[in-house]
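J.: Take a look at this one; I'll ask things after.
The values are calculated or read from the model by the stated rules, or taken from the named source; none is laboratory data. Predicted model, so just to flag it, every value in this text is computed and none were measured. When we count neighbours, we look across all protein chains shown, and the Cβ atoms used for this are built from the backbone with ideal geometry, even at glycine.
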Amino acid sequence: MTGMNTELTKGLTILMAIATGLVVASNYYAQPLLETIATQFNLTTNMAGFIVTAAQLGYAAGLFFLVPLGDLFERKRLILIMTSLSAIGLLITALSSHVWQILLGTALTGLFSVVAQILIPMAASIAKPSQRGKAVGIIMSGLLLGILLARTVSGAVATVGGWRAIYFVAFGLLMILMIVLAVKLPRYHQKTDLNYFQLIGSIGRLFCSTPVLVTRGLLGALSFANFGLLWTAMAFLLASPPFNYSEGTIGLFGLVGAAGALMASQAGHLVDKGKGKWLTTLGLTLLLLSWIPIAFAKYSLVAFIIGVLVLDLAVQAVHVTNQSTLYRILPDARNRLTAGYMTSYFIGGALGSLLSGYAYEHGGWEGVAIAGIILTLISLVVWAIGIRFDPTISPSDET
């Protein structure tokens with residue numbers, strides 16, 4: 001195994017956080033632009049929402065089929081190749097003249113932007129055990145900030161240069177990122193006796209033999225379904241009366257959720273202290289409560305902003321706790337655990353985006369809020385059943 005003597009410095013952690021944020025952001029530039037794209041290509045609300053779904057389904061496919069490659073190949077080279085292919089997807093979207101080309105570019109970008117999920121377990125492997133949760137939390141802050149700020153940047157760039165401009169800018173940013181990673185990222189290769197197909201098969205066996213993975217996978221899927229539900233429907237809500245906001249203004253709402261992302265490192269620190277179960281319960285409770293002010297969005301913008309802030313904080317707390325818990329139970333299978341968990345996570349996000357378009361079209365904003373409440377109640381039931389499988393992690397755990 002090469003790379004074991006590499007120290008996860010603060011600078012390297014921040015670089016990994018920035019990298020995950022930039023790469024994952026590529027899947028979310030479309031969200032504040034959905035109304036504009038729908039108008040240009042004469043799409044229905046459901047079809048426009050499928051642009052986001054295509055990115056998330058591509059991401060889910062990449063998680064299951066590509067992330068396990070991190071257990072087979074040297075990770076630095078793999079990260080650089082996948083980043084370049086993700087950038088090509090952005091360029092296809094920027095140059096598209098038909099909606100199928102947008103879907104193709106979006107799916108390609110989503111498929112290879114799973115490079116973020118190779119960086120995270122790599123950091124977990126390099127970090128000292130006592131700092132693992134905090135390191136994962138910092139990098140997850142970068143990931144969620146990328147998801148949220150993508151909307152703000154996308155809306156602002158679209159206001160100046162049209163909806164295609166952000167994809168050209170993002171392509172350039174990923175090219176620059178590749179150069180920086182080529183210079184700064186250490187080489188790391190964790191050898192395994194399994195071949196690729198055995199690795200893929202082992203993900204299914206991990207779900208069958210590891211109840212905590214099932215529980216955490218379901219919690220991740222349901223919490224990110226909430227996230228996709230809210231952020232996909234938000235563009236349609238804010239572009240319609242009584243708001244009638246532009247893409248730039250809609251994008252600014254990403255700044256609201258960004259505050260929740262900044263709490264990720266603290267969430268990881270609490271897991272390091274053995275408070276993962278408590279934090280999960282708190283996160284799910286806050287997630288449920290967040291939909292109450294969100295439901296009143298048409299009547300109070302302040303209530304809406306508070307609800308969005310609480311929801312993003314809750315989703316982040318649950319997600320960081322899920323990953324930090326899983327990284328401690330089977331150190332030799334971190335990439336496969338990541339593949340299994342994150343596949344569940346982004347399938348949940350894709351289903352949330354699909355549900356969002358359906359709920360908004362048939363029940364308006366109130367229908368979206370009701371769907372969110374139902375999803376969260378299901379999450380609480382899953383946690384009530386699965387909490388007994390969760391490992392008890394003490395602050396001195398050095399796994």
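Results for (1) out of contact with any Leu (no Cβ under 7 Å at 6 or more places or on another chain); (2) buried (at least 20 other Cβ atoms within 10 Å of the Cβ); (3) of a type outside the set (Asp, Glu); (4) over 29 Å from LEU354 (Cα atoms), shown as yes or no for each residue.
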site: ALA54; (1), (2), (3), (4): no, yes, yes, no
site: LEU57; (1), (2), (3), (4): yes, yes, yes, no
site: ALA60; (1), (2), (3), (4): yes, yes, yes, no
site: PHE65; (1), (2), (3), (4): yes, no, yes, no
site: PRO68; (1), (2), (3), (4): no, yes, yes, no
site: ASP71; (1), (2), (3), (4): no, yes, no, yes
site: ARG75; (1), (2), (3), (4): yes, yes, yes, yes
site: ILE81; (1), (2), (3), (4): yes, no, yes, yes
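J.: Another question, then. Six or more apart or on different chains, Cβ atoms under 7 Å: show the pairs whose first residue is in the range 301-328 and crowded, with 24+ Cβ neighbours inside 10 Å and whose second is of a type in the set (Phe, Trp, Tyr) and modelled with pLDDT under 85.
T.: VAL308/PHE253
J.: Which one of these does ASP332 not meet: (1) in a helix (DSSP H, G or I); (2) at pLDDT 85 or above; (3) farther than 20 Å from VAL382 by Cβ?
T.: Checking ASP332 against (1) in a helix (DSSP H, G or I); (2) at pLDDT 85 or above; (3) farther than 20 Å from VAL382 by Cβ, the one that fails is (2).
J.: When you look at TYR29, is it at pLDDT 85 or above, within 24 Å of ILE347 (Cα to Cα), hydroxyl-bearing (Ser, Thr, Tyr) and not in a helix (DSSP H, G or I), yes or no?
T.: yes
J.: Condition test on SER113, is it within 30 Å of THR9 (Cβ to Cβ), of a type in the set (Ser, Thr, Tyr) and under 17 Å from the mean Cα position of the chain (by Cα)? Step through it out loud before you land on a result.
T.: Values: within 30 Å of THR9 (Cβ to Cβ): yes; of a type in the set (Ser, Thr, Tyr): yes; under 17 Å from the mean Cα position of the chain (by Cα): yes.
Yes.
J.: For residues that are of a type in the set (Val, Ile, Thr), touching a residue at least 40 places away in the same chain (Cβ under 8 Å) and either farther than 29 Å from LEU8 by Cβ or in contact with a Lys or Arg (Cβ under 8 Å, 6 or more places away or on another chain) (or both), tally how many sit in the range 160-203.
T.: Residues flagged as of a type in the set (Val, Ile, Thr), touching a residue at least 40 places away in the same chain (Cβ under 8 Å) and either farther than 29 Å from LEU8 by Cβ or in contact with a Lys or Arg (Cβ under 8 Å, 6 or more places away or on another chain) (or both) within the range 160-203 amount to 2.
J.: Checking the structure you have, find out if any residue of the range 44-53 is more than 14 Å from the chain's Cα centre (by Cα), modelled with pLDDT of 85 or more and either more than 17 Å from TRP163 (Cα to Cα) or in a helix (DSSP H, G or I) (or both).
T.: Scanning the range 44-53, I find at least one residue that is more than 14 Å from the chain's Cα centre (by Cα), modelled with pLDDT of 85 or more and either more than 17 Å from TRP163 (Cα to Cα) or in a helix (DSSP H, G or I) (or both), so the answer is yes.
J.: A follow-up question, please. Can you go through ALA297, ALA350 and tell me which one is outside any helix (DSSP H, G or I), closer than 30 Å to VAL160 by Cα and in contact with a Leu (Cβ under 8 Å, 6 or more places away or on another chain)?
T.: ALA297
J.: A follow-up question, please. Please tell me if GLY268 is at pLDDT below 90, surrounded by fewer than 20 Cβ atoms within 10 Å (Cβ to Cβ) and not hydroxyl-bearing (Ser, Thr, Tyr).
T.: No; evaluated as a whole, the condition is false for this residue.
J.: Criterion first (outside any helix (DSSP H, G or I) and either over 17 Å from the mean Cα position of the chain (by Cα) or modelled with pLDDT under 85 (or both)) does SER97 satisfy it?
T.: For SER97, the condition - outside any helix (DSSP H, G or I) and either over 17 Å from the mean Cα position of the chain (by Cα) or modelled with pLDDT under 85 (or both) - is met.
J.: Take VAL160 and decide whether it is closer than 16 Å to THR106 by Cα, modelled with pLDDT of 85 or more and either surrounded by fewer than 21 Cβ atoms within 10 Å (Cβ to Cβ) or of a type in the set (Asp, Glu) (or both).
T.: Details: closer than 16 Å to THR106 by Cα: no; modelled with pLDDT of 85 or more: yes; either surrounded by fewer than 21 Cβ atoms within 10 Å (Cβ to Cβ) or of a type in the set (Asp, Glu) (or both): yes.
So VAL160 fails the test.
J.: I'm trying to understand the selection: among the residues of the range 107-139, which are among the basic types (Lys, Arg) and not in a helix (DSSP H, G or I)?
T.: Selection gives LYS128 alone.
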